[in-house]
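Asker: Dropping a structure here in structure tokens format, bear with me for questions.
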Amino acid sequence: QVQLVESGGGLVQTGGSLRLSCAASGNIFRINDMGWYRQTPGKQRELVATITSSGIPNYTDSVAGRFTISRDNAKKTVYLQMSSLKAEDTAKYYCNAEVVHRDGLDLRPYWGQGTQVTVSS
């Protein structure tokens, strides 16, 4: 059992900033890649950013230069610092983690419950 709990979403004006956090807990030996995804009504969930266990980030083109993904392995937490927010960033943001369980070498994906980010124009 692994839980991912997101926080930090809310309402912000265009050009503003928000920082999302996602803390993992439970049966975790190691977390490999972590990431943030977002989804708006009528659209498929899309990748926003990922980060490897060693801290190598990857961003989708629409957020590159504005968002920064980071992680604290000791806290089992991934962050998404969002700056210069645009109306099109409005979405529900989901945390993802690839988890290696204790007492096993399996790698399983887990998702958080999502946190809403709304950018007013």
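The values are calculated or read from the model by the stated rules, or taken from the named source; none is laboratory data. Please read all numbers here as calculations on a predicted model, not as lab measurements. Positions of Cβ are generated from backbone atoms using ideal geometry, with glycine treated the same way; all protein chains shown enter the neighbour counts. These area figures cover heavy atoms from the full protein model, side chains too; ligands, DNA and RNA do not enter into them. Shrake-Rupley method; radii C 1.70, N 1.55, O 1.52, S 1.80 Å.
Asker: How about region 92-110: which of its residues are surrounded by fewer than 15 Cβ atoms within 10 Å (Cβ to Cβ) and either aromatic (Phe, Trp, Tyr) or outside any strand (DSSP E or B) (or both)? Can you show your working first?
Answerer: Start the filter on region 92-110 by keeping residues that are surrounded by fewer than 15 Cβ atoms within 10 Å (Cβ to Cβ), which leaves 102-109.
Matches in region 92-110: 102, 103, 104, 105, 106.
Asker: Restricting to region 12-46, name every residue that is of a type in the set (Phe, Trp, Tyr) and not in a loop (DSSP other than H, G, I, E, B). Please lay out each step first, then the result.
Answerer: Pass one, region 12-46, residues of a type in the set (Phe, Trp, Tyr): 29, 36-37.
Scanning region 12-46 gives 36, 37.
Asker: Here are some residues: 51, 31. Which one is more than 13 Å from the chain's Cα centre (by Cα), farther than 12 Å from residue 117 by Cβ and hydrophobic (A, V, I, L, M, F, W, C)? Outline the logic, then answer.
Answerer: Values: 51 fails: more than 13 Å from the chain's Cα centre (by Cα).
None of the others qualify; the one that does is 31.
Asker: Mind listing just one residue for me: the one in region 61-84 that is farther than 18 Å from residue 24 by Cα and not in a strand (DSSP E or B) and, of those, most open to solvent (accessible area, probe 1.4 Å)?
Answerer: Step by step, filter region 61-84, then rank; the result is 61.
Asker: Given (1) within 12 Å of the chain's Cα centre (by Cα); (2) without any contact (Cβ under 8 Å) to a residue 40 or more places away in the chain, where does residue 65 come up short, assuming only one miss?
Answerer: (1)
Asker: All but one of (1) within 21 Å of residue 113 (Cα to Cα); (2) part of a strand (DSSP E or B); (3) not hydrophobic (A, V, I, L, M, F, W, C) hold for residue 58, so report the exception by its number.
Answerer: The one condition residue 58 does not meet is (1).
Asker: Considering only region 56-66, I want to know if a residue exists there that is aromatic (Phe, Trp, Tyr) and more than 30 Å from residue 104 (Cα to Cα).
Answerer: Looking through region 56-66, at least one residue is aromatic (Phe, Trp, Tyr) and more than 30 Å from residue 104 (Cα to Cα).
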